[in-house]
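First the structure, in the form of structure tokens, and then the observations on it.
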Amino acid sequence: KKEEEDTPTTTTTTNADTATTRKEDDGTTTKNSRDLVPTSFDSPPSTTTTTTTTTTTTTKRKKLLLKPEDSIHHQNDIGSDIIMALDDVVSSVTDDKERFTIATYRTLRWLDRCYAAHKFPTTQNLFPIVQGGLDTSLGGLREQCLAGFRHRDDHIVGYAIGGLAGGESKHDFWKVVNQCCQALPDTKPRYLMGVGYPLDLVICSALGVDMYDCVYPTRTARFGVALIPGPTPGTLRLKSNDCSTSSQVIQED
């Protein structure tokens with residue numbers, strides 16, 4: 001089977017119900033090929049027509065293509081200390097081995113393109129993201145992705161572990177994290193994406209993870225819940241009756 005190109009040259013979509021058509025480098029045309037699109041999202045409503053009695057909204061939805069080079073360009077402009085290579089991430093609970101295989105090898109190809117597009121390698125640290133679903137078998141997709149990263153280790157300053165925290169069991173989640181931490185070098189930071197809950201932070205730190213990012217702490221804080229350490233670590237509900245009249249700080253130094 002002929003491998004599909006990573007980046008189409010043109011993308012045309014008329015509305016949400018029509019097929020997407022892409023013209024390849026060899027002149028052929030591909031329709032409805034979801035795997036060709038790295039990342040896409042819907043555009044906002046384009047036109048709004050108002051009459052005296054009703055309001056009618058007409059929406060034209062089109063695909064917006066984000067290529068590896070585009071991702072790195074935007075992150076270079078932002079100027080963050082750590083930036084991420086564009087990866088092809090599949091939900092961890094997806095039952096489609098072929099889709100995971102495509103995503104794993106596409107992630108490796110895109111990594112090379114991300115490094116080629118990176119303008120500030122001495123001031124911004126570009127991390128690749130390990131993919132491969134929940135396949136931790138010998139020679140499985142996680143091992144294949146890790147092997148591809150080790151082959152490029154000379155210009156990799158740190159590693160991210162991705163494709164998790166999507167609904168899989170804790171056993172499967174921790175098993176993947178452990179495999180990745182065992183395989184990645186101890187001399188470079190390990191970054192776990194989308195994690196986590198307090199228990200996950202403790203377990204994954206013990207497994208060898210150094211850094212995390214997750215919306216959970218700030219999202220939880222919006223509802224009046226704080227994360228606290230100490231003899232009884234966990235969560236503290238600031239809106240409970242016990243805290244309603246307290247003027248103390250949340251956690252003493």
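The values are calculated or read from the model by the stated rules, or taken from the named source; none is laboratory data. Keep in mind it's a predicted model, so treat the numbers as computed, not measured. Cβ placement follows ideal geometry from the backbone for every residue including glycine, while neighbour counts extend to all protein chains displayed. Ligands, DNA and RNA are stripped out before the accessible areas are found, and what is left, the full protein with its side chains, is counted by its heavy atoms. Shrake-Rupley method; radii C 1.70, N 1.55, O 1.52, S 1.80 Å.
Key figures
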item	result
Label zone at residue 170 (point 7 Å along Cα-to-Cβ), backbone N below 16 Å, segment 220-240	233-235
Derived scalar couplings ³J(HN,Hα) [segment 150-164; Karplus, 6.51 cos²θ - 1.76 cosθ + 1.60; whole Hz; x for Gly, Pro]	4, 5, 10, 4, 4, 10, 9, 9, x, 10, 10, 10, x, x, 10
15 Å beta-carbon shell around residue 75, net charge (K/R +1, D/E -1)	-3
Whole-angstrom gap from segment 154-181 to segment 110-147, using each part's C-alpha centre	12 Å
Gain in span if fully extended, residue 239 to residue 218, counting 0.36 nm per residue against the direct Cα distance	6.0 nm
Nonlocal amide H pairs with residue 166, under 5 Å, H built at 1.01 Å	92
Phi to ³J(HN,Hα) by Karplus 6.51 cos²θ - 1.76 cosθ + 1.60 over segment 78-88, Hz, x for Gly, Pro	5, x, 5, 5, 10, 10, 10, 5, 6, 10, 9
Chymotrypsin sites (Phe, Trp or Tyr not before Pro) restricted to DSSP loop in segment 69-132 with at most 12 other C-beta within 10 Å	none
Sum of side-chain charges, residue 189 neighbourhood, beta-carbon under 14 Å (Lys, Arg +1; Asp, Glu -1)	-3
Accessible area in square angstrom per residue, segment 83-142, 1.4 angstrom probe	42 Å²
Centroid-to-centroid separation of segment 191-230 and segment 236-253 [C-alpha atoms, Å]	21 Å
Sites residue 157 and residue 109, calculated FRET efficiency, Cβ-Cβ separation with R0 30 Å, nearest 0.05	0.90
Simple label model, 7 Å out from Cα along Cβ direction - residue 96 to residue 59, nm	2.3 nm
Other-chain or far-sequence residues with amide H under 5 Å of residue 62's (modelled H)	43
Entries in 63/175; 97/175; 188/239 that, when Cα-Cα distance is taken, lie over 30 Å	63/175; 188/239
3J(HN,Hα) from dihedral phi, segment 165-182, Karplus parametrisation 6.51/-1.76/1.60, rounded to Hz, x for glycine, proline	6, x, x, 6, 5, 4, 4, 5, 4, 5, 5, 5, 4, 4, 4, 5, 5, 5
Nonlocal amide H pairs with residue 158, under 5 Å, H built at 1.01 Å	none
Accessible solvent surface per residue of segment 153-196, calculated while the other protein chains remain in place, 1.4 angstrom probe, Å²	44 Å²
Apportionment of accessible area to carbon and sulfur, segment 148-253, percent (1.4 Å)	54 percent
